[in-house]
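This report concerns only the one structure given below.
The values are calculated or read from the model by the stated rules, or taken from the named source; none is laboratory data. This is a predicted model, so every value here is computed, not measured. Every residue, glycine among them, receives a Cβ derived from its backbone with ideal geometry; neighbour counts consider all protein chains shown.
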Amino acid sequence: MLSYLIRRLLGIIPLLLGITIISFAIIHLAPGKPTQIEQAFNPKVSQEVRLRLEKLYGLDKPLHIQYINWLVKLGKFDFGRSFIDERPVAEKILERIPITLTINIFSLILVLLIAIPLGVKTAVKAGSAFDHALTILVFLLFAAPTFWLALLLMQLLSIQLGWLPISGLKSLDFEYFSFGKKILDLAHHLFLPILVSTLGGFAGLTRYIRSNMIDALKQPYIYTARAKGLSQEKVIYKHALRNAILPVVTIIGLSIPGLLGGSVIFESIFAIPGIGRLFYEAVMSRDYPLIMAEVVLGGVLTMLGNLIADIAYGYVDPRIKYKR
Amino acid sequence: MGNLLEIKNLKVEFHLDERVITAVDGAYLNIKENEVVVLAGESGSGKTITALSICKILPRNAHIVWGVINLAGREMLCLNENELIKIRGKDIAYIFQEPVSFLNPVYTIGEQIIEVIKLHQGKNKKEAYEETIDLLKKVRIWEAKRVFQSYPHQLSGGLNQRAFIAMSLACNPKLLIADEPTTSLDVTIEKEILDLLLELKNKLKFSLLFITHNLSIAQKIADRIFIMYKGRVVEEADSQELFKSAKHFHTQELLSAYERIGRI
């Protein structure tokens, strides 16, 4: 098991090199340099200043030298400083993580809490009116773009009914609230984003659990469970569900990068200062160090998520064992 | 001695998307106490569906249209689900064809046996554990503790089937229904399992309904034989009688097939 783990972790390194080389090349190929963008908004910046800035940032060197310089710094866990405000990139990312993580973890938990029972119920009653009605609803939600759903719900809950704030994270007078009221205020602001993110997410998983469950209920061991005299509930929840839910472990593992990644559109609509928006801003201003740091973060998390999914699967499914 | 189980005029239909298929039409069967009855016939003749009807554990799209299934004076088809689950696994137990796929892959053998003991006998964990180990030894599994902790995929077909028999006999059923229990096993294991079943039957005094397409097995173990063909029971005879003078043409077919194989 340990050697398997080490092998897998070492395997991350070449993959990460590949990912960073490609991203580095692509982002530098994209038209517009950070210095040009700064210059465009400020006519006082002369060509001379621009060249000096490029030299300062090391942008005048050939691309492969730039990459190697960046890689050497990465080896020391130094992600560099943002071109925009000169703050350390790591610090900029770290301060955005909690909010994105909070929204995504809450919505993942809600998605699981809704999708698993709903998937089971529709599978048990497959072909019934309940199943058909839910299938239609689920496909509608599945097909509806998140931003559209978000705007509709904002219109209804925030503007017409006035129950929830439209966007943002805190009320204007947040700083003066007591601790308890601060939590309530945050919850109030986060309700809609979490709701929208849950609605967008549970549809697919419900269908997935439903089809797994229908499959499990047809397996021979279900006859055995019934022949033993187990109640319908025990047959479904103990014998069928345990088998049907195994692949969900993989899905949770694979959703790890998404938990931290955040969504650009989503966070922009709700004006949430999360990772997704940070990445978007970084790309728009060609803030290379910040972009590359996010690429590394996403790459590492994706590969770790895969690894965690594989290991967790070995734990829950007795048929899978990792040797050597 | 009266009949332990009596099935009369059983009709079972499958409702597919557009069509209705009659799987069993006018089957009858009776089993006395402590008797071995073989239900034989080619595959698709409705043997398994007849057997599953007894406890109403049919596939979801199968429906019992009419018939009488009487177990020791109780009308099985009139019982509701709550009454039926008290009979399943306790008065009537099943063994199936492929033990590996009929055992749940994600639970150990021990967990699956303990489950049925706890369910019908209300024993606590420790008592159920000891009883399970005893049961595994009764079906001649020497490494009972290892098998207890094993998952089905870690054991051979023969061991799994022994464990399955242990699980089925856990609550001393009056009737054991064995649906082709040796078909997926090789011949030497088949003989061991058959010997074990007969030995346990004599020791524990249950009736055995044995389903097979193999008349050589039927001849070895049966007191009486029922032959099924296209959903009907076409012939009923004492074991010896059947092999001397089969009446129905399908029985003759089955017999000649058996004799051909016997000659090889």
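If you check A:L152, A:L134 for being in a helix (DSSP H, G or I), at pLDDT 85 or above and in contact with a helix residue (DSSP H, G or I) (Cβ under 6 Å, 6 or more places away or on another chain), only one passes: A:L134. Only residues that are farther than 18 Å from B:A237 by Cβ and buried (at least 16 other Cβ atoms within 10 Å of the Cβ) were counted across the range B:27-44, and they come to 1. Is it the case that the range B:199-206 has a residue that's among the hydrophobic types (A, V, I, L, M, F, W, C) and either over 24 Å from A:A227 (Cα atoms) or within 14 Å of chain A (Cβ to nearest Cβ) (or both)? No, there is no match, as no residue in the range B:199-206 is among the hydrophobic types (A, V, I, L, M, F, W, C) and either over 24 Å from A:A227 (Cα atoms) or within 14 Å of chain A (Cβ to nearest Cβ) (or both).
Here the condition is being part of a loop (DSSP other than H, G, I, E, B) and either in contact (Cβ under 8 Å) with a residue 12 or more places away in the chain or in contact with a helix residue (DSSP H, G or I) (Cβ under 7 Å, 6 or more places away or on another chain) (or both); of A:L278, A:L230, it holds for A:L230 alone. Against the test of being in contact with a Gly (Cβ under 6 Å, 6 or more places away or on another chain) and either more than 14 Å from chain B (Cβ to nearest Cβ) or over 30 Å from A:M154 (Cα atoms) (or both), the options A:G274, A:G314, A:G299 yield a single qualifying residue, A:G274.
Inside the range A:199-237, residues that are at the interface with chain B (Cβ under 8 Å from one of its Cβ atoms) and under 22 Å from B:K90 (Cα atoms) make up a count of 12. So is B:K86 surrounded by 14 or more Cβ atoms within 10 Å (Cβ to Cβ), modelled with pLDDT under 95 and among the basic types (K, R) or not? Considered against the rule, which asks whether it is surrounded by 14 or more Cβ atoms within 10 Å (Cβ to Cβ), modelled with pLDDT under 95 and among the basic types (K, R), B:K86 comes out as no. Of all residues in the range A:162-184, those being aliphatic (A, V, I, L, M) and either exposed (fewer than 10 other Cβ atoms within 10 Å of the Cβ) or outside any loop (DSSP other than H, G, I, E, B) (or both) number 3. In the range B:32-58, the residue that is modelled with the lowest pLDDT out of those that are away from chain A (no Cβ under 14 Å) and within 21 Å of B:K86 (Cα to Cα) is B:E33.
To keep it simple, each residue is scored yes or no on (1) under 29 Å from A:L195 (Cα atoms); (2) modelled with pLDDT of 90 or more.
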| site | (1), (2) |
| --- | --- |
| A:Q66 | no, no |
| A:G75 | no, no |
| A:G80 | no, no |
| A:I97 | yes, no |
| A:I109 | yes, yes |
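For the range B:162-184, a residue qualifies if it is surrounded by 24 or more Cβ atoms within 10 Å (Cβ to Cβ) and either over 15 Å from A:A227 (Cβ atoms) or among the aliphatic types (A, V, I, L, M) (or both), and the qualifying residues are B:R162, B:A163, B:I165, B:A166, B:M167, B:A170, B:I177, B:A178, B:T182. Would you check if there is a residue in the range A:64-83 being of a type in the set (S, T, N, Q), in contact (Cβ under 8 Å) with a residue 24 or more places away in the chain and not in a loop (DSSP other than H, G, I, E, B)? Within the range A:64-83, one or more residues are of a type in the set (S, T, N, Q), in contact (Cβ under 8 Å) with a residue 24 or more places away in the chain and not in a loop (DSSP other than H, G, I, E, B).
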